[in-house]
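Chemist: My structure is below; once you've seen it, I'll send some questions.
The values are calculated or read from the model by the stated rules, or taken from the named source; none is laboratory data. In this text, all values refer to a predicted model and were calculated from it rather than measured experimentally. Note that each Cβ is placed from the backbone with ideal geometry, even for glycine, and that neighbours are counted across all protein chains shown.
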Amino acid sequence: MKIMDFLNPAAISTDLRAADKKGVVGELVGLLIKSGEIKEKDKEKLVRVLLEREALGSTGIGQGIGIPHGKFGGVRKLIGACGISRKGVDFESLDGEVVHTFFLLVAPEDSAGPHLKALARVSRLLKDKFFRDTLKAAKDEKALIKIIKQEDQKKT
């Protein structure tokens, strides 16, 4: 599975502004709305679903990475957004560090396989310190997409 299979290029930001978990989740969902993947009317409901998932245990997996995810009836296929926070956000990460790089994954309610494959793929890629640092240093969305596409080519 390639990241670009579920990551909409229009749902990427290298300039997340939110200062807390709820704000970041809302901002990432906003990217999905801007890209046409989610309807504006579904924003509050999807943010609530994602924050309920966060309440079970933080998806801040450490090393500056957050992978908020959840299942939502308003989507027909796995979709994703990606954002970089230059300041970093307290996301209640497992290692206590702030999070700079976020991948948001939203799967249909009746889906299991693609959702889990995507989580595994993103987690595996982000274990690579060079890849994490390169993403974090991307100067704009175009550069971020190029980095992800290059990585997709290498590890399929």
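Chemist: Sort through 84, 65 and tell me the only one that's more than 15 Å from residue 23 (Cα to Cα), within 12 Å of the chain's Cα centre (by Cα) and either crowded, with 19+ Cβ neighbours inside 10 Å or β-branched (Val, Ile, Thr) (or both).
Modeler: Residue meeting the stated conditions: 65.
Chemist: Only one of (1) at pLDDT 95 or above; (2) surrounded by fewer than 17 Cβ atoms within 10 Å (Cβ to Cβ) is not met by residue 117, so which one is it?
Modeler: Failed condition: (1).
Chemist: Can you name the condition, by its number, that residue 27 falls short on among (1) modelled with pLDDT of 95 or more; (2) of a type outside the set (Lys, Arg); (3) touching a helix residue (DSSP H, G or I) at 6+ places or on another chain (Cβ under 7 Å)?
Modeler: Failed condition: (3).
Chemist: If you don't mind, there's one more thing I want to ask. List the number of the failed condition for residue 1; all other conditions in (1) surrounded by fewer than 23 Cβ atoms within 10 Å (Cβ to Cβ); (2) touching a residue at least 60 places away in the same chain (Cβ under 8 Å); (3) of a type in the set (A, V, I, L, M); (4) not in a loop (DSSP other than H, G, I, E, B) hold.
Modeler: (4)
Chemist: Within segment 22-45, is there a residue that is over 30 Å from residue 153 (Cβ atoms) and in contact with an Asp or Glu (Cβ under 7 Å, 6 or more places away or on another chain)?
Modeler: Among the residues of segment 22-45, not one is over 30 Å from residue 153 (Cβ atoms) and in contact with an Asp or Glu (Cβ under 7 Å, 6 or more places away or on another chain), which makes the answer no.
Chemist: Name, by its number, the condition in (1) under 23 Å from residue 95 (Cα atoms); (2) without any contact (Cβ under 8 Å) to a residue 60 or more places away in the chain; (3) surrounded by fewer than 21 Cβ atoms within 10 Å (Cβ to Cβ) that does not hold for residue 59.
Modeler: (3)
Chemist: Could you pull out the residue among 44, 37, 54 that is of a type in the set (D, E, K, R) and not in a helix (DSSP H, G or I)?
Modeler: When all the criteria are applied, what remains is 37.
Chemist: Only one residue in 140, 90, 110 is surrounded by fewer than 18 Cβ atoms within 10 Å (Cβ to Cβ) and either of a type in the set (Ser, Thr, Tyr) or without any contact (Cβ under 8 Å) to a residue 60 or more places away in the chain (or both). Which one?
Modeler: Only one candidate passes the filter, namely 110.
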